[in-house]
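Notes follow once the structure below has been shown.
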Amino acid sequence: MLDKTFDPKTAETRLYAEWEASGAFAPSGDPAAAAFSMVIPPPNITGVLHLGHALNNTLQDVLVRFERMRGRAALWIPGTDHAGIATQMVVERQLAAEGNMGRRDLGREAFVERIWEWKATSGGAIVAQLRRLGCSCDWSRERFTLDEGLSLAVRKVFIALHKQKLIYRDKRLVNWDPRFQTAISDLEVEQKEVDGFLWHFAYPLEDGTGEIVVATTRPETMLADTAVAVHPGDARYVGLIGRCVRLPIVGRPIPIIADDYADPEKGSGAVKITPAHDFNDFKVGQRHRLPMINILDPFAALNDNAPPGWGGLDRYEARKRVVAEFETLGLLRAIEPTRHAVPHGDRSGVAIEPYLTDQWWVDAKVLAAPAIAAVETGKTVFIPSGWEKTYFEWMRNIEPWCISRQLWWGHRIPAWYGPDGRIFVEETAEAARAAALEHYGRDEPLRQDEDVLDTWFSSALWPFSTLGWPEPTADLARFYPTDTLVTGFDIIFFWVARMMMMGLHFMGEAPFRRVFINALVRDEQGAKMSKAKGNVLDPLEIVDVYGADALRFTLTAMSSANRDIKLSIQRIEGYRNFGTKLWNAARFCQINGALRVRDFDPASAIGTQNRWIRGELATTARAVTAALEACAFDDVAFALYHFIWNVFCDWNLEFAKPVFAGDDEAAKAETRAMTAWVLDIVLRLLHPVMPFVTEELWRQTGGQGLLMIQPWPELPDDYVDEAASSETRLIIAVIAEGRSVRSELNVPAVARPPLLVTRADDAQRALLEANAAVIRQMLRVSRLEFTADPGPGTAPYIAEGVALAIPVAEFVNLAAERSRLDKELAASAAEIDRAERKLANPEFIAKAPVEVVEESQERLEEARSARTRLEAAKARLESLA
């Protein structure tokens with residue numbers, strides 16, 4: 001007999017160990033089985049499981065468990081990312097804590113070895129946490145972006161792209177982190193709103209006949225100005241285009257140029273141009289072939305390109321000094337307080353500098369063209385499709401990709417420099433020496449590039465490198481391209497787009513057929529979760545309290561394609577209760593002898609309710625399958641919840657009770673067999689979303705083998721019996737509508753009035769008489785009575801064309817109920833008024849987030865529905881008077 005309750009704490013660890021030991025996470029070796037593959041977005045080895053991971057990996061696991069049960073050779077490849085800057089920072093902090101030793105004190109080789117030691121003992125904790133969530137990855141194929149195979153793939157790709165002139169070295173602007181002394185990606189930059197000033201400086205014309213006023217929030221950069229730009233159509237400056245201003249403090253003349261970048265409507269309409277310290281100015285500088293003067297060193301202090309006596313000044317000290325000099329020169333025209341966004345390193349916390357430096361770059365524009373075409377032609381689709389617009393926007397405006405980082409942890413760039421600066425790009429040092437010997441005709445000392453590759457470079461190869469490329473492995477032949485990528489919108493460009501580019505370039509096919517963009521998880525008020533706000537929910541703590549299944553079902557149920565997830569503990573509790581409901585239903589089946597019957601044929605069922613539940617289950621199975629195929633995860637959860645709770649438990653098991661208690665042995669046997677069969681199919685359908693409780697129920701109800709590898713239910717269309725469905729709909733409607741009447745009028749639960757049938761045809765009457773026992777029990781009425789005259793004090797209602805009434809006057813306090821309904825109607829009217837006024841406010845519609853507007857619309861509809869229901873109840877109450 002089943003225990004009274006399911007205990008996730010003891011069951012989950014045991015069940016997961018059994019799944020993993022069975023080898024069922026690996027794809028089927030059957031060559032006839034169609035392949036299905038996914039790659040996990042590799043979490044950083046420094047990471048711990050957060051709700052974003054929990055959502056993303058739950059949805060992936062739902063898909064892979066579904067496809068595995070469908071008989072496909074389902075492969076879900078796990079792995080982790082070496083996370084260059086994040087991991088290096090962790091170990092550097094350890095070194096500092098041990099005695100103020102830095103990585104440079106330790107030396108590169110020893111420092112990298114120290115990181116490998118840290119990884120062996122502390123890295124990758126998230127992998128164990130994914131197991132707790134129930135993720136059925138093939139751990140035998142687990143990869144790491146710095147493992148030997150992936151490192152070989154990275155070198156091969158770098159060398160190939162370099163030979164194709166798609167990787168090159170160039171001096172361009174990068175996001176420079178002065179604290180970590182490295183270029184960082186846009187994803188590692190966060191914009192922080194800060195209070196600052198907009199300083200208005202006058203630049204005198206070179207001939208002394210006037211001045212041009214420019215404004216800046218970064219005065220120190222004016223020392224590197226190489227032009228002033230005005231709009232070509234700005235009449236104020238047409239006569240000045242081509243002339244020069246004398247740059248204050250520095251003294252050099254710089255030209256006044258015409259460029260559309262200057263906005264006549266902003267400020268004076270003139271803009272200082274500093275190509276070496278601003279991304280927009282860099283583009284202007286390229287268009288006009290302006291000098292690019294870098295005045296900062298890697299620590300963001302002024303270098304030797306600054307005026308004499310300024311070298312070594314910190315950027316903020318230089319800022320103060322520039323402002324003071326302008327004031328002394330009489331060229332400071334205004335100081336305007338402003339609040340503006342300043343880019344900061346997300347890990348270092350310091351302001352990022354646009355910095356002109358030599359780096360390695362990928363010609364992303366060339367690689368992007370096939371990746372754009374793959375989505376345009378539908379070879380790869382985005383779900384929701386709206387994200388294609390974001391993809392195209394980024395890809396059609398793509399810039400060269402900086403792939404070098406000034407770090408020690410990562411894939412070291414396979415480039416060596418000769419004594420004259422010539423670069424040899426080869427797979428190994430030996431190959432570089434051989435190439436140098438061929439070039440110079442003699443042995444010359446070589447120096448390997450100190451930089452490592454951007455972490456996103458190795459991640460871009462993930463779909464094919466994890467399958468063994470560059471070797472022509474069996475896995476590569478069978479599982480590339482992958483089927484579905486589940487990921488977040490924030491890395492569509494940084495990861496998805498780059499995987500598309502690399503996959504098409506090196507494999508000739510896009511790496512995945514569809515990309516599902518999962519939602520963001522927010523708190524129950526819709527706010528972003530953050531430690532500072534104290535609203536962060538820890539998924540592992542949730543699993544400890546409510547079990548993994550409750551969290552998984554919650555995230556699946558709330559994964560709508562069109563909105564973020566507002567997660568609350570109450571919702572998780574509710575879905576934990578859903579699992580309990582299923583457990584109790586299985587116990588009910590056991591207690592009443594509804595046990596699996598070998599070779600039972602559902603098609604042979606005779607009983608109306610048995611034929612009805614068979615059809616309802618077939619309809620649900622089709623809906624769940626279609627939703628899973630479409631990645632409509634919320635529809636999957638809704639269909640399962642509705643059937644299990646509202647159909648199977650609330651109605652079918654209640655219909656079964658009189659049968660189990662009756663004397664018709666044939667009906668009893670059939671109902672037991674049908675109920676057990678339905679439970680079996682339910683467990684299979686629910687398994688991808690709630691794997692633990694379903695596996696435990698499968699085992700404890702006598703299921704053979706693991707549930708996770710049982711065949712997916714494919715039920716025939718003719719399981720739906722329209723006659724049985726129609727008849728059962730009538731019984732359900734009689735009971736459900738009767739319950740509504742009782743609820744609206746506050747009829748006490750202990751009251752047992754009769755149920756009066758005032759109009760029904762012969763077939764309907766026969767059906768009601770045949771089901772009188774279940775109607776009496778479920779509607780809490782004393783008897784069914786057929787009469788044309790219900791008499792006074794009755795509450796009438798219609799169910800599927802049958803007219804009924806319940807005599808309730810003696811059970812209802814008319815005055816009290818009238819007062820209650822009036823209060824509720826007043827509250828409903830107030831809510832409607834508030835919502836209508838808010839939605840009629842153009843400012844609210846213009847400024848409020850879309851989800852807030854949608855919530856207001858939903859509340860308005862709910863209030864209107866409540867008003868309609870209350871008005872009907874009021875009318876029904878008055879009819880009793």
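The values are calculated or read from the model by the stated rules, or taken from the named source; none is laboratory data. Only a predicted model underlies this, so the values are computations on that prediction, with no experimental measurement involved. Glycine gets a Cβ as well: all are built from the backbone with ideal geometry, and neighbour counts include every protein chain shown. Calculation scope for accessible area: heavy atoms of the full protein, side chains included, ligands and nucleic acids excluded. Shrake-Rupley method; radii C 1.70, N 1.55, O 1.52, S 1.80 Å.
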- State all residues of segment 236-259 that are closer than 16 Å to Leu331 by Cα and open to solvent by less than 20 Å² (accessible area, probe 1.4 Å); if no residue qualifies, say none. Val245, Leu247, Pro248
- Could you tell me whether Lys163 is under 30 Å from Trp416 (Cα atoms) and either surrounded by fewer than 17 Cβ atoms within 10 Å (Cβ to Cβ) or under 36 Å from the mean Cα position of the chain (by Cα) (or both)? yes
- Note on the structure: Residue count, segment 659-669, condition assigned to a helix (DSSP H, G or I) and surrounded by fewer than 20 Cβ atoms within 10 Å (Cβ to Cβ), comes to 7
- strands (runs of 3 or more DSSP E) wholly inside segment 337-424 containing at least 2 residues that are surrounded by 13 or more Cβ atoms within 10 Å (Cβ to Cβ) and not hydrophobic (A, V, I, L, M, F, W, C): 353-362
- Message: Among (1) at pLDDT 95 or above; (2) buried (at least 17 other Cβ atoms within 10 Å of the Cβ); (3) closer than 30 Å to Ala432 by Cβ, there is one condition His200 misses while meeting the rest; what is its number?
- Response: (3)
- Residue among Glu855, Glu769, Glu817, Glu878 that is of a type in the set (Asp, Glu) and either under 30 Å from Ala723 (Cα atoms) or modelled with pLDDT of 85 or more (or both): Glu769
- How many residues does segment 739-755 contain that are surrounded by 17 or more Cβ atoms within 10 Å (Cβ to Cβ) and at pLDDT below 95? 5
- Message: Six or more apart or on different chains, Cβ atoms under 9 Å: show the pairs whose first residue is in segment 572-599 and among the β-branched types (Val, Ile, Thr) and whose second is surrounded by fewer than 17 Cβ atoms within 10 Å (Cβ to Cβ).
- Response: Ile572/Val545; Thr580/Thr5; Ile591/Met1; Val597/Ala669
- Hits in segment 207-223 (condition: out of contact with any strand residue (DSSP E or B) (no Cβ under 7 Å at 6 or more places or on another chain) and either assigned to a strand (DSSP E or B) or closer than 15 Å to Pro255 by Cβ (or both)): Asp207
- Being assigned to a loop (DSSP other than H, G, I, E, B), crowded, with 23+ Cβ neighbours inside 10 Å and in contact with a strand residue (DSSP E or B) (Cβ under 6 Å, 6 or more places away or on another chain) is the filter here, so list the residues in segment 44-82 that pass it. Ile45
- Query: Pairs, please: C-beta under 6 Å, at least 6 apart or cross-chain, first residue more than 19 Å from Leu520 (Cα to Cα) and in segment 375-403, second of a type outside the set (A, V, I, L, M, F, W, C) and open to solvent by 30 Å² or more (accessible area, probe 1.4 Å)?
  - Reply: Val375/Glu388; Val381/Arg514; Ile398/Lys365
- Item | Single unsatisfied condition, Thr758 versus (1) among the hydroxyl-bearing types (Ser, Thr, Tyr); (2) surrounded by 15 or more Cβ atoms within 10 Å (Cβ to Cβ); (3) out of contact with any Pro (no Cβ under 9 Å at 6 or more places or on another chain) | (3)
- Message: Residues that are crowded, with 21+ Cβ neighbours inside 10 Å and in contact with a Lys or Arg (Cβ under 9 Å, 6 or more places away or on another chain): list the strands (runs of 3 or more DSSP E) wholly contained in segment 454-541 that include at least 1 such residues.
- Response: 482-488, 521-523
- Task: Quickly run through segment 264-291 and pick out the residues that are more than 40 Å from the chain's Cα centre (by Cα), more than 27 Å from Ile335 (Cβ to Cβ) and not charged (D, E, K, R).
- Result: His288, Leu290, Pro291
- Task: Out of Gln857, Gln777, report the one residue that is in contact (Cβ under 8 Å) with a residue 60 or more places away in the chain and over 14 Å from Asn746 (Cα atoms).
- Result: Gln777
- Task: Pick out the one residue from Arg729, Arg783 that is open to solvent by 10 Å² or more (accessible area, probe 1.4 Å) and in contact (Cβ under 8 Å) with a residue 60 or more places away in the chain.
- Result: Arg729
- Working carefully through the options Gly47, Gly29, find the one that is touching a helix residue (DSSP H, G or I) at 6+ places or on another chain (Cβ under 6 Å) and in contact (Cβ under 8 Å) with a residue 24 or more places away in the chain. Gly47
- Note on the structure: Inside segment 589-608, the number of residues satisfying the requirement of being open to solvent by 40 Å² or more (accessible area, probe 1.4 Å) and either in a helix (DSSP H, G or I) or among the hydroxyl-bearing types (Ser, Thr, Tyr) (or both) is 3
- Message: Pairs please, first residue from segment 102-131 and of a type in the set (Lys, Arg) and in a helix (DSSP H, G or I), second anywhere and open to solvent by less than 30 Å² (accessible area, probe 1.4 Å) and modelled with pLDDT under 90, Cβ atoms under 7 Å, 6+ apart in sequence or on different chains.
- Response: Arg103/Leu95
- Item | Search result, residues across segment 373-401 that are out of contact with any Phe, Trp or Tyr (no Cβ under 6 Å at 6 or more places or on another chain) and within 27 Å of Gln181 (Cα to Cα) | Ile398, Glu399, Trp401
